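The values are calculated or read from the model by the stated rules, or taken from the named source; none is laboratory data. These numbers come from a predicted model, not from an experiment. Cβ placement follows ideal geometry from the backbone for every residue including glycine, while neighbour counts extend to all protein chains displayed.
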Amino acid sequence: MNNSRAKGIALVIFGATLWGVLGTVAQFLFQKNNFTPEWLVVIRLTLSGILLLSYGLFKKDSGVKDIWKDKKDRITLISFGVLGMLGSQYTYFVAIKHGNAATATILVYLSPVIITCYMVFHNKKLPKSSQIYAILLAIVGTFLIITKGNINSLSISKLALFWGLCSAFTNAIYTLQPANLLKKYSSITIVGWGMLIGGIAFSFINPPWKFSGVLSLSTVSCVGFVVIFGTLIACYCYLESLNYILPTEASILGCVEPLSAAFLSVIWLKVSFGLADFIGTACIITTIIILSYSDKNTSENKNKLNE
């Protein structure tokens, strides 16, 4: 393995791990210190958006300003910021509040299945056998996670299940919606503006000064982690890794995220995670691997989407 490839693998694993830790930190703030998902979403999106765009300007990324010159791009960007970025962030945090970080993160990973189903209908083509197997595997994995193998009961609350599935759908929107923009502008420009737009939009519903929770050194540190490590550094590591490894490889290695969320939830917050949960998680992660390999080029589907 050459040094560049090793660097790319290390970057994506580190970034995905930070995302997994982010979910557990958010659970600590919500369930142990009475923070609200609404306030954390506003703070995370607004501050991270400002910092990402500032970094883009520092790197002399002309797209930070140019993206507003085209009317169609402006409309798509605003729609992405509200539906894709804000939608995925808010539903994910609410799912954590009503459940736990491990379950919420694993349910988010159903989004590639949703994307695959959408592409099958959009392109009016029968799914590949590998895609059918992946979807069935995802269904089995989800069943095990939400029931722990007992068909007569749910192991998580109905609200946690509802918001977790909503998070998977909004994450699919987040992935598909900016396809055209990504052909013209950098990821930093699109993610940065998407975060800032989402944060500003949600500020009208929950202003940043509308705060409730326990303020202490640990909670302030956790908020700082969410913004700096769980957002900026994690995002940078993932995007930088694409300079050294293929997107398919990055998506597979990104499966470290639910594993790190589950591990930390069990160790730190004492979340119950039994055999059925581990088998269900393995099923969903295997689903991602199958879907990643079933498409030789991930961008091929995005191009078809925009034909």
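Taking region 206-224, which residues are aromatic (Phe, Trp, Tyr) and touching a residue at least 24 places away in the same chain (Cβ under 8 Å)?
Passing the criteria: only PHE211.
Look at GLY194 and say whether it is modelled with pLDDT of 85 or more, closer than 26 Å to THR24 by Cβ and either charged (D, E, K, R) or in contact with a Pro (Cβ under 9 Å, 6 or more places away or on another chain) (or both).
Working: modelled with pLDDT of 85 or more: yes; closer than 26 Å to THR24 by Cβ: yes; either charged (D, E, K, R) or in contact with a Pro (Cβ under 9 Å, 6 or more places away or on another chain) (or both): yes.
Answer is yes for this residue.
Can you pull out every residue in region 23-60 that is over 20 Å from the mean Cα position of the chain (by Cα) and part of a loop (DSSP other than H, G, I, E, B)? I'd like the intermediate steps shown before the answer.
The first filter runs over region 23-60 and keeps only residues over 20 Å from the mean Cα position of the chain (by Cα), leaving 31-35, 54-60.
Selection gives ASN34, PHE35, LYS59, LYS60.
Mind checking which residues of region 180-200 are β-branched (Val, Ile, Thr), closer than 29 Å to HIS122 by Cα and surrounded by fewer than 21 Cβ atoms within 10 Å (Cβ to Cβ)?
ILE188
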**Complete:** Picked from region 202-235 (must be in contact with a Leu (Cβ under 6 Å, 6 or more places away or on another chain) and of a type in the set (Gly, Ala, Ser)), the residue farthest from GLY20 (Cα to Cα) is ALA234
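One line per residue, one yes/no per condition, for (1) buried (at least 16 other Cβ atoms within 10 Å of the Cβ); (2) over 15 Å from the mean Cα position of the chain (by Cα):
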site: VAL223; (1), (2): yes, yes
site: VAL226; (1), (2): yes, no
site: PHE229; (1), (2): yes, no
site: ALA234; (1), (2): yes, no
site: LEU239; (1), (2): yes, no
site: LEU264; (1), (2): yes, yes
site: PHE278; (1), (2): no, yes
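Counting only residues that are modelled with pLDDT under 85 and at negative phi, give me the helices (runs of 4 or more DSSP H) lying completely in region 217-266 with at least 1 of them.
234-241, 247-253
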**Asked** On the given criteria, is SER203 touching a residue at least 60 places away in the same chain (Cβ under 8 Å), crowded, with 19+ Cβ neighbours inside 10 Å and hydroxyl-bearing (Ser, Thr, Tyr)?
**Response** no
**Message:** If LEU159 meets every condition in (1) in contact (Cβ under 8 Å) with a residue 60 or more places away in the chain; (2) within 26 Å of ILE252 (Cβ to Cβ); (3) of a type in the set (A, V, I, L, M, F, W, C) apart from one, which number is that one?
**Reply:** (2)
**Item:** Count of region 120-179 residues which are modelled with pLDDT under 85, under 22 Å from ASN100 (Cβ atoms) and surrounded by fewer than 21 Cβ atoms within 10 Å (Cβ to Cβ)
**Value:** 10
**Message:** Quick check on region 178-206: of everything there that is in contact with a helix residue (DSSP H, G or I) (Cβ under 6 Å, 6 or more places away or on another chain), in a loop (DSSP other than H, G, I, E, B) and not polar (S, T, N, Q), which residue is nearest to TRP39 (Cα to Cα)?
**Reply:** PRO178
**Message:** If the requirement is being closer than 26 Å to LEU45 by Cβ and either out of contact with any Phe, Trp or Tyr (no Cβ under 7 Å at 6 or more places or on another chain) or among the β-branched types (Val, Ile, Thr) (or both), which of these qualifies: ALA138, ALA160, ALA102, ALA134?
**Reply:** ALA160
